[in-house]
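The values are calculated or read from the model by the stated rules, or taken from the named source; none is laboratory data. It should be emphasised that the depicted structure is a prediction, and the values quoted were computed from it without experimental measurement. Here the Cβ positions follow ideal geometry from the backbone for every residue, glycine too, while neighbour counts run over all protein chains shown.
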Amino acid sequence: MSTGQGAAAQGRPVAVPRVRAPRSFWQQSTRRLLKNRLAMVGLAVVLLYLIIAIVAPLVSPYDPAKQNYDAILLGPTGGHPLGTDGLGRDSLSRLVFGARTSLAVGLFTQLIVLTVGIPVGLVAAFSGRRSDNLLMRFVDIVFAFPDLLLIILLRAIFGGSIFMVFLAIGLVNWVIMARMVRGQALSLKEQEFVLAAKAIGVPWHSTLIRHVLPNALGPVVVLVAFGVPRAIFAEAALSYIGIGVTPPTPSWGTMVQDGYSVIFATPYPVLFPAVAIAVVMLAFTFLGDGLRDALDPRHAGLGKMR
């Protein structure tokens, strides 16, 4: 007779071993992400930029639009830690307020990408072959246009406000999200839990929201993380060629454009905004790589996300 059976026969309580519940996919993904040092560095840098953008009026030493013709093209000094530009404006103040513009472009354009790309991808996967072909041919047409050329065309149509910059960049980049979501939805629609929901009469829109979309969130999050630096660079490129954010709104791309004309006199007006753009893009890239590795089901030993 075993020890447990003997204890039970004598009326003594039997110690039941604790069975630890298996961690969910998202718990395992979070643990893997926290162990990724580069991803954590990227996340810390992104959070630092966000905090600076939010409290910009508090940390900015000067008005970013105020011109001082007695302090033109100064190098880093005690009064101007990052120097001044060709109009005597403080570079640090413009860099801090420019973080607002660049991060706002990156985040709000991804909101447009999600709003347009996810519904198009889901509807294409579940609406039948004819609708799928029609939507995907439209996506292919948009994808065939060069990004910068299409953004310039949309800017010419919608005007020059900063919100039109958000809209133009978002309307160009949604096609990648739509194609990715469609591919995920096509693979998920053949899974057992989706077929079971269809068999018991669950409406297709409910199936999309409750079953398909949650299982496709991993690749969506990764694509958004990589899309933010792409949008920031697009805004910087537009501002550099003079069709981005309208002056005097500070923007890192505008600062690079203004500083390029005096680069042989002093490199600082170009150097600091260029470094800011490079650092934030690298931070989002590290974070995106970490999210991609953390959200890969193969790393958790799972066949699919449930």
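Here is a check on your reading of the model: is V181 touching a Ser or Thr at 6+ places or on another chain (Cβ under 9 Å), of a type outside the set (G, A, S) and in a helix (DSSP H, G or I)? Show your work before the answer.
Details: touching a Ser or Thr at 6+ places or on another chain (Cβ under 9 Å): no; of a type outside the set (G, A, S): yes; in a helix (DSSP H, G or I): yes.
Spelling it out, it is not the case that V181 is touching a Ser or Thr at 6+ places or on another chain (Cβ under 9 Å), of a type outside the set (G, A, S) and in a helix (DSSP H, G or I).
In the set F108, F126, F145, only one residue is touching a residue at least 40 places away in the same chain (Cβ under 8 Å) and more than 27 Å from W204 (Cβ to Cβ); that residue is F108.
The residue of region 90-121 that is farthest from M180 (Cα to Cα), among those that are in contact with a Leu (Cβ under 8 Å, 6 or more places away or on another chain) and surrounded by fewer than 24 Cβ atoms within 10 Å (Cβ to Cβ), is L92.
Quick check on this structure: which one of A168, A216, A196 is over 28 Å from A294 (Cα atoms), in contact with a helix residue (DSSP H, G or I) (Cβ under 9 Å, 6 or more places away or on another chain) and not hydroxyl-bearing (S, T, Y)? None of the other options fit; the residue is A168. Restricting region 131-182 to residues that are within 21 Å of the chain's Cα centre (by Cα) and of a type in the set (K, R), the residue that is nearest to A231 (Cα to Cα) is R179.
Output the number of residues of region 39-75 satisfying the condition of being within 29 Å of L291 (Cα to Cα) and assigned to a helix (DSSP H, G or I). First the steps, then the outcome.
Just the residues of region 39-75 that are within 29 Å of L291 (Cα to Cα), to begin with: 39-56.
With assigned to a helix (DSSP H, G or I) added as a condition, the list becomes 39-54, 56.
Looking only at that region, the number is 17.
Within region 163-209, how many residues turn out to be of a type in the set (D, E, K, R), surrounded by fewer than 21 Cβ atoms within 10 Å (Cβ to Cβ) and modelled with pLDDT of 90 or more? Going through region 163-209 one residue at a time, the tally reaches 1.
Can you name the residue in region 253-306 that is among the charged types (D, E, K, R) and part of a loop (DSSP other than H, G, I, E, B) and is also modelled with the lowest pLDDT among such residues? Don't jump to the end; show me each part of the working.
To start, the set of residues in region 253-306 that are among the charged types (D, E, K, R) comprises 258, 289, 292-293, 296, 298, 304, 306.
After this cut, where a residue has to be part of a loop (DSSP other than H, G, I, E, B) as well, the list is 296, 304, 306.
On the way: D296: 70, K304: 40, R306: 35.
So the residue we want is R306.
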